[in-house]
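Each remark here refers to the structure printed beneath this line.
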Ligand SMILES: C[S@@+](CC[C@H](N)C(=O)[O-])C[C@H]1O[C@@H](n2cnc3c(N)ncnc32)[C@H](O)[C@@H]1O
């Protein structure tokens, strides 16, 4: 049993400090990096050659642009409602030289199937659905994701944090990360992380949302994260661009998540460029 969820004070992320703190946290050496590596690793097995992937609530597109770096055959559409996030996303796409393969669309979660008229091979949504102010919003978002993916029977990949059992844990989890990773988190990001945990859905609530949206997905949860997906996790080999090497970040979150999916994933990949 968890405590009653406390929705985020702002649904979309527009505050300058919070947008820049979140963008930096997704950088190659940032605290979100292992999660993104894990996502790239698994999604790369799910998305077919030359596939089109849509990222709902893409934020600064740290994840999406990284996926495109790993998979030079893919094209992508990122959606978000926040101007500031989309401005950072466009800059990152240009810095990472993937601008010709990515498009950004300003759209609400619940309207993505209207805003995007194309058939897509995968719909992903990472760490965004806890921004829904209430359960109806969650169901609308999941329904739109379902409608978009069903046009072509595309894969679905939903990743989010889990609201812990107590409020105290919401404060402790970011602090514990600082100790374990021996890094000081910027205050704005630490506060955002804590607010996100308070606003998170429990696995049961999320699954209830999936049922209301008529979506049948497989689910796992580990390490205060939850994953819900459809599609084969072993459709193909992991495909990586030539300049990708493997190495350890000293953070085993990606490995723990991977083992919850039955993957042997001892190390996370690094991209050898500075971005
Ligand atoms: C915590 S960020 C996650 C960004 C990205 N998916 C990632 O994992 O790096 C959540 C994003 O969802 C966006 N968002 C929140 N509510 C939204 C809505 N109703 N429609 C579209 N985007 C929304 C916010 O603006 C923010 O950029």
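Quick check, is residue 38 within 11 Å of the ligand (Cβ to nearest atom) and under 16 Å from the mean Cα position of the chain (by Cα)? The answer is no for residue 38. Looking only at region 17-32, which residues are more than 11 Å from the ligand (Cβ to nearest atom) and assigned to a helix (DSSP H, G or I)? Matches in region 17-32: 17, 20, 24. Residues in region 46-70 that are buried (at least 24 other Cβ atoms within 10 Å of the Cβ) and out of contact with any helix residue (DSSP H, G or I) (no Cβ under 6 Å at 6 or more places or on another chain): 47, 53, 54, 57, 62, 64.
Read-outs: derived from the displayed coordinates by stated rules, not from any lab. Small disclaimer: the values here were computed from a predicted structure and weren't measured. Because the Cβ atoms are built from the backbone with ideal geometry, glycine has one as well, and the counts that use them run over all protein chains shown.
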